[in-house]
Amino acid sequence: MSPLENPSNMKTLLLFDLDGTLVLGDGAGRRAVVRAFALLYGAADDWESLDTAGRTDTAIFEDMLRRIGREPAEAWSSRLWDTYVDCLIDEVRQRPGRLAPGVRELLARCSPESGLYAALGTGNLERGARVKLAPHAINDPLPVGGFGSDTMDRAELVRVGVERARGYYRTDFDRIVVVGDTPRDAECALVNGYACVLVATGPYDASSLARCGADAVLADLSNTEAVLETIDKLPRRG
């Protein structure tokens with residue numbers, strides 16, 4: 001099918017995770033939050049065991065606050081968010097990571113004419129997400145979404161992303177597809193009744209992801225036509 005053709009008039013929303021799905025970094029977010037906690041709380045804990053894959057920034061902040069004996073509600077403080085984003089800007093400036101294979105090409109195929117619409121569904125704070133995407137010039141193709149600054153719960157934030165996309169694009173969708181790289185992405189899709197495509201470009205290999213209940217697992221997004229064919233075969237969910 002041509003990128004400007006959509007004979008069935010099917011409208012599909014692709015709700016993208018960020019880290020490990022769109023951008024392959026080297027831990028800028030982790031380094032930034034460790035720096036922020038050191039600046040704000042003098043926290044020199046060993047954070048290597050901290051579980052971050054597929055989680056929201058606010059949930060990560062809450063865990064870290066508990067470990068140093070602080071009030072978990074501070075996970076929502078503007079002081080913490082501002083300090084973290086300032087540290088993230090510096091980390092991303094030094095080491096921006098790289099765009100995952102095929103991402104730019106896939107986003108270029110998203111348009112009302114093609115029946116494909118793009119949004120974010122990421123655990124990053126919204127400001128943090130925009131910082132991470134900026135060096136790769138893909139903020140514009142992803143105008144709205146659900147974020148860790150909306151809620152700690154991944155399932156809820158993808159619902160927020162869908163509602164924002166409906167408002168922004170002024171349409172409803174026949175099919176909603178969560179595109180991610182962790183079992184948590186599959187879980188939040190299944191909870192909401194959305195379809196799910198997982199890519200093995202993050203911390204999990206394809207065999208591990210295949211056991212998560214996703215509708216499809218791909219090595220990456222590099223073959224745009226194959227990705228579009230996979231999406232076209234997904235069930236109408238959402």
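The values are calculated or read from the model by the stated rules, or taken from the named source; none is laboratory data. Given the structure is predicted, the values throughout are model-derived calculations rather than measurements. No Cβ is skipped: glycine too gets one built from the backbone with ideal geometry, and neighbour counts run over all protein chains shown.
Pull out all pairs, ordered by first then second residue, where Cβ-Cβ is under 6 Å, the residues are six or more apart or on different chains, the first lies in region 34-50 and is modelled with pLDDT under 90, and the second is aromatic (Phe, Trp, Tyr) and not in a loop (DSSP other than H, G, I, E, B).
From residues that are modelled with pLDDT under 90, the pairs are Ala43/Phe37.
Mind listing just one residue for me: the one in region 185-207 that is within 15 Å of the chain's Cα centre (by Cα) and surrounded by fewer than 20 Cβ atoms within 10 Å (Cβ to Cβ) and, of those, farthest from Thr230 (Cα to Cα)?
Applying the filter and picking the extreme gives Pro203.
Within region 140-161, does at least one residue satisfy the condition of being more than 24 Å from Pro203 (Cα to Cα) and surrounded by fewer than 17 Cβ atoms within 10 Å (Cβ to Cβ)?
Yes, some residue in region 140-161 is more than 24 Å from Pro203 (Cα to Cα) and surrounded by fewer than 17 Cβ atoms within 10 Å (Cβ to Cβ).
Given the structure, is Leu106 surrounded by 20 or more Cβ atoms within 10 Å (Cβ to Cβ), under 24 Å from Pro183 (Cβ atoms), modelled with pLDDT of 95 or more and over 15 Å from the mean Cα position of the chain (by Cα)?
yes
Out of the residues in region 112-167 that are more than 13 Å from Asp57 (Cα to Cα) and of a type in the set (S, T, N, Q), which is modelled with the lowest pLDDT?
Filtering first and then ranking leaves Ser114.
Go through region 205-238 and report how many residues are closer than 24 Å to Gly25 by Cβ, in a loop (DSSP other than H, G, I, E, B) and in contact (Cβ under 8 Å) with a residue 40 or more places away in the chain.
4
Tally up the residues in region 139-154 that are under 13 Å from the mean Cα position of the chain (by Cα) and β-branched (Val, Ile, Thr), please.
Summing the residues that are under 13 Å from the mean Cα position of the chain (by Cα) and β-branched (Val, Ile, Thr) in region 139-154 gives 1.
Give the residue that is surrounded by the fewest Cβ atoms within 10 Å (Cβ to Cβ), with candidates limited to residues of region 208-218 that are farther than 20 Å from Thr52 by Cα and of a type in the set (A, V, I, L, M, F, W, C).
Ala210
For region 14-60, what are the residues that are more than 29 Å from Arg109 (Cα to Cα), out of contact with any Gly (no Cβ under 9 Å at 6 or more places or on another chain) and crowded, with 23+ Cβ neighbours inside 10 Å?
Correct list: Val33, Ala36, Phe37.
Scan region 167-178 for residues that are surrounded by fewer than 17 Cβ atoms within 10 Å (Cβ to Cβ) and among the basic types (Lys, Arg) and jot them down.
Result: Arg170, single match.
Would you mind telling me which numbered condition in (1) closer than 18 Å to Gly213 by Cα; (2) of a type in the set (Asp, Glu); (3) in contact with a Leu (Cβ under 7 Å, 6 or more places away or on another chain) Glu187 fails?
It is condition (3) that Glu187 fails.
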